[in-house]
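K.L.:
Below is the structure I would like to discuss, written out as structure tokens.
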Amino acid sequence: MAEFPGTPDYFGLNKPIGREYDHTDLEVEGKIPAEVAGTFFRAVPDPAYPPFIEDGAASLSGDGMISAIRLGDGKAAISMRYVQTERHKAEDAAGEAIFGKYRNPYTDKPEAKGLDRTVANTTPIWHAGRLLLAKEDGRPYRVDPNTLETIGSHDFGGKLKSETVTAHARIDPETGEMFMFGYEADGLASTKVAYFIVDKDGELTREQWFDAPYCAMMHDFTITENHALFPIYPTTSDLDRLKAGGDHWGHEMELESWVGVMPRYGDVSEMRWFKGPKGVSCYHMMNAHEDADGRILFDQCLSNVNAFPFVQRVSGLNIPPWEMGGRLARWTLDMNSDSNEIVETSIGPSGDFPVIAADRQGRDYDHGWILTMNPEMLGPPVFGGPVGVMFNMLMRIDLNGGPPQAMPLPPAHCIEEPVHVPSTQNGHEGWLVAVVDEQTGPEDFKHQCWIIEAGNVGAGPVAKISIPERLRPQIHGWWVSQAKLDAAA
Ligand code: V55
Ligand code: FE
């Protein structure tokens, strides 16, 4: 096997692993709660072949692997497989990388021409009994939830027109519909955005296209009971830069942010654009809902600049994570006023990977969870992931002004995005399940899966499951209950 470069994208926690495996009867410290029965699916980028071209954004281009941590009857098991994308199969056949830089086909080797470039590495999405592995630069791949075998690229039975699909779907808790979008829907650096709805049975029922104010990295979006919200932050693309072999994304500090709002079952011609601050960036929104006065409250993990060092560099910026500034921000959009102004309040600390209970999606809610950095941490953070630094504290945020709860991790530990497992007990907030990494040497790590009581994160984990393999950092995860897996089988 050829050597990977010794750069941060391939070193330490980010070292490529590339092993497919199954392990059962994992060692459990503590007790797995009986109602935590199901599978924690995780999307993990893991490049199979060393790059042939220098690429700052390489951390986003790793081949998607699907990891399944299966829990039930007090036992735990783990499996790992590559998603057999057209790209991964073509590189396996070539025995080397043939795709060049992140989202730039002009840098590919000739053999890659015309092949699907997506790596399906960002989010496992469960809907209508199907498991989809999504990445925003292409269409998702469908994977068998039991065997983890890849079924193929998923275009909703030939109905989808968009060439791209977000990795962030929003599923309405009452109708079971999945709301989705795709940006750069008809090609590189395009302003075309597709907005589409998939009904509870997995049928694509409606797809409409609109133009964004500029071509931006639209990573996530939100719904409320009555509206769809499309936030735009000034991380922008440029076709000439791509043709010259450059990077897909830069960040423009002088450009305004926008939120497009339309009735979620309405026509894209009804889109109303609210103007936000210049230069800001956000990858993930926690939730959005309407208040009694018809205002939309839109809650997001906002930062003062794009957090990816490789995106900043393209635009001559170099602001380290600890100087970036950010907050859990609530933007209020007044639908009753003619003004397109946004009012911002801060409702929590800077962080990312917001999690809410699935039954509060688009609805009024009183708490959520985020990952953040412990301000009192002893020792340096763990380096890894696409931003370069991993989070080391889990917080429960009370949105009614109550005190936050925190689970700070010991030194040399970090935590990846948790999934929420609802409880059947009345008044119980359920459980959070997350992978925790511990650095034990310059290139040595131990990995565990922790189960935490969601309403009492300060108490720490109730169970710690040891993973007998090296893990590369995941991007997003999804919890699927055993009942749903059984019903789909
Ligand atoms: C993100 C991740 C991606 C990507 C674009 O976390 C944005 C943000 C893992 O791939 O392609
Ligand atoms: Fe994301």
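The values are calculated or read from the model by the stated rules, or taken from the named source; none is laboratory data. Quick caveat, the model's predicted, so the values are computed rather than measured. Heads up, the Cβs are rebuilt from the backbone with ideal geometry, glycines too, and the neighbour counts pull from every protein chain shown.
K.L.:
Restricting to the stretch 46-68, give me the number of residues that are in contact with a Gly (Cβ under 9 Å, 6 or more places away or on another chain) and part of a strand (DSSP E or B).
P.N.:
2
K.L.:
Further question on the same structure: Kindly check whether there is at least one residue in the stretch 172-187 that is closer than 24 Å to V419 by Cβ, away from ligand 1 (no atom under 16 Å from the Cβ), among the polar types (S, T, N, Q) and in contact (Cβ under 8 Å) with a residue 12 or more places away in the chain.
P.N.:
There is at least one residue in the stretch 172-187 that is closer than 24 Å to V419 by Cβ, away from ligand 1 (no atom under 16 Å from the Cβ), among the polar types (S, T, N, Q) and in contact (Cβ under 8 Å) with a residue 12 or more places away in the chain.
K.L.:
Which members of the stretch 427-479 meet the condition of being of a type in the set (F, W, Y) and more than 16 Å from ligand 1 (Cβ to nearest atom)?
P.N.:
Just the residues of the stretch 427-479 that are of a type in the set (F, W, Y), to begin with: 431, 445, 450, 478-479.
Of everything in the stretch 427-479, those that are of a type in the set (F, W, Y) and more than 16 Å from ligand 1 (Cβ to nearest atom) turn out to be W431, F445, W450, W479.
K.L.:
Can you tell which of A228, A212, A244 is buried (at least 23 other Cβ atoms within 10 Å of the Cβ), of a type outside the set (S, T, Y) and more than 16 Å from ligand 2 (Cβ to nearest atom)? Write out each step before concluding.
P.N.:
On the way: A212 fails: buried (at least 23 other Cβ atoms within 10 Å of the Cβ); A244 fails: buried (at least 23 other Cβ atoms within 10 Å of the Cβ).
Every option except A228 fails the conditions.
K.L.:
Does G250 satisfy the condition of being more than 21 Å from M178 (Cα to Cα) and either surrounded by fewer than 18 Cβ atoms within 10 Å (Cβ to Cβ) or among the charged types (D, E, K, R) (or both)? If you could, list the steps in order and put the result at the bottom.
P.N.:
Working: more than 21 Å from M178 (Cα to Cα): yes; either surrounded by fewer than 18 Cβ atoms within 10 Å (Cβ to Cβ) or among the charged types (D, E, K, R) (or both): no.
Judged against the criteria, G250 is not a match.
K.L.:
Looking only at strands (runs of 3 or more DSSP E) that lie completely in the stretch 413-489, which have at least 1 residues being among the polar types (S, T, N, Q) and in contact with a Gly (Cβ under 9 Å, 6 or more places away or on another chain)?
P.N.:
Details: elements: 413-415, 419-421, 431-441, 444-453, 461-467, 477-481.
Strands (runs of 3 or more DSSP E) meeting the threshold: 431-441, 477-481.
K.L.:
Can you name the strands (runs of 3 or more DSSP E) wholly within the stretch 169-280 that have at least 3 residues being touching a helix residue (DSSP H, G or I) at 6+ places or on another chain (Cβ under 6 Å)? Full working, then the answer.
P.N.:
Values: elements: 178-183, 192-198, 204-211, 227-232, 256-263, 272-278.
It comes to none.
K.L.:
Also, quick follow-up: Identify, from the list S346, S339, the residue that is more than 25 Å from the chain's Cα centre (by Cα) and more than 16 Å from ligand 1 (Cβ to nearest atom).
P.N.:
The unique qualifying residue is S339.
K.L.:
Across the stretch 148-168, what is the number of residues that are charged (D, E, K, R) and either under 18 Å from Q84 (Cα atoms) or assigned to a strand (DSSP E or B) (or both)? Walk me through it before giving the result.
P.N.:
Residues of the stretch 148-168 that are charged (D, E, K, R), as a first pass: 149, 155, 159, 161, 163.
Imposing the further condition that a residue be either under 18 Å from Q84 (Cα atoms) or assigned to a strand (DSSP E or B) (or both) reduces the set to 149, 155.
Summing the residues that are charged (D, E, K, R) and either under 18 Å from Q84 (Cα atoms) or assigned to a strand (DSSP E or B) (or both) in the stretch 148-168 gives 2.
K.L.:
How many residues are touching a Gly at 6+ places or on another chain (Cβ under 9 Å) and within 16 Å of ligand 1 (Cβ to nearest atom) when one looks only at the stretch 283-303?
P.N.:
4
K.L.:
So, R139, is that one modelled with pLDDT of 95 or more and within 16 Å of ligand 1 (Cβ to nearest atom) or not? Explain how you work it out, then say what you get.
P.N.:
Working: modelled with pLDDT of 95 or more: yes; within 16 Å of ligand 1 (Cβ to nearest atom): yes.
Criteria met by R139.
K.L.:
Which condition number in (1) modelled with pLDDT of 95 or more; (2) in contact with a strand residue (DSSP E or B) (Cβ under 7 Å, 6 or more places away or on another chain) is the one that G316 fails?
P.N.:
Tallying (1) modelled with pLDDT of 95 or more; (2) in contact with a strand residue (DSSP E or B) (Cβ under 7 Å, 6 or more places away or on another chain), G316 fails exactly one: (2).
K.L.:
Only residues that are charged (D, E, K, R), touching a residue at least 40 places away in the same chain (Cβ under 8 Å), away from ligand 2 (no atom under 16 Å from the Cβ) and in contact with a Leu (Cβ under 8 Å, 6 or more places away or on another chain): list them for the stretch 83-138, please. Don't jump to the end; show me each part of the working.
P.N.:
Pass one, the stretch 83-138, residues charged (D, E, K, R): 86-87, 89, 91-92, 96, 101, 103, 108-109, 111, 113, 116-117, 130, 135-137.
So of that shortlist, the ones also touching a residue at least 40 places away in the same chain (Cβ under 8 Å) come out as 86, 91-92, 96, 101, 103, 109, 130, 135-137.
Now drop any that are not away from ligand 2 (no atom under 16 Å from the Cβ), which leaves 86, 91-92, 96, 101, 109, 130.
The one that is charged (D, E, K, R), touching a residue at least 40 places away in the same chain (Cβ under 8 Å), away from ligand 2 (no atom under 16 Å from the Cβ) and in contact with a Leu (Cβ under 8 Å, 6 or more places away or on another chain): E86.
K.L.:
Which one of these is more than 30 Å from D172 (Cβ to Cβ) and polar (S, T, N, Q): N400, N392? Explain how you work it out, then say what you get.
P.N.:
Details: N400 fails: more than 30 Å from D172 (Cβ to Cβ).
Matching residue, one of N400, N392: N392.
K.L.:
Right, another one. Just to be sure, is P145 away from ligand 1 (no atom under 14 Å from the Cβ), at pLDDT 95 or above and either touching a Lys or Arg at 6+ places or on another chain (Cβ under 9 Å) or not in a loop (DSSP other than H, G, I, E, B) (or both)? Walk me through how you get there before you give the answer.
P.N.:
Numbers: away from ligand 1 (no atom under 14 Å from the Cβ): yes; at pLDDT 95 or above: yes; either touching a Lys or Arg at 6+ places or on another chain (Cβ under 9 Å) or not in a loop (DSSP other than H, G, I, E, B) (or both): yes.
Yes.
K.L.:
From the list V259, V311, which one is buried (at least 22 other Cβ atoms within 10 Å of the Cβ), away from ligand 2 (no atom under 16 Å from the Cβ) and closer than 26 Å to G325 by Cα? I'd like the intermediate steps shown before the answer.
P.N.:
Details: V311 fails: away from ligand 2 (no atom under 16 Å from the Cβ).
Only one candidate passes the filter, namely V259.
K.L.:
Now a separate question. Checking the condition in contact with a strand residue (DSSP E or B) (Cβ under 6 Å, 6 or more places away or on another chain) and at pLDDT below 95, which residue from P349, P321, P354 passes? Break it down into steps so the answer makes sense when it comes.
P.N.:
On the way: P349 fails: at pLDDT below 95; P354 fails: at pLDDT below 95.
So the residue among P349, P321, P354 that is in contact with a strand residue (DSSP E or B) (Cβ under 6 Å, 6 or more places away or on another chain) and at pLDDT below 95 is P321.
K.L.:
Filter the stretch 69-125 for residues that are part of a helix (DSSP H, G or I) and of a type in the set (K, R); which is surrounded by the fewest Cβ atoms within 10 Å (Cβ to Cβ)?
P.N.:
K89
K.L.:
Could you tell me which of the residues A57, A48, A43 is buried (at least 23 other Cβ atoms within 10 Å of the Cβ) and under 23 Å from the mean Cα position of the chain (by Cα)? Step through it out loud before you land on a result.
P.N.:
Details: A57 fails: buried (at least 23 other Cβ atoms within 10 Å of the Cβ); A48 fails: buried (at least 23 other Cβ atoms within 10 Å of the Cβ).
Answer to the check: A43.
K.L.:
Also, I was wondering about something else. How many of the residues in the stretch 249-287 are under 22 Å from the mean Cα position of the chain (by Cα) and within 16 Å of A307 (Cβ to Cβ)?
P.N.:
Matching residues across the stretch 249-287 total 11.
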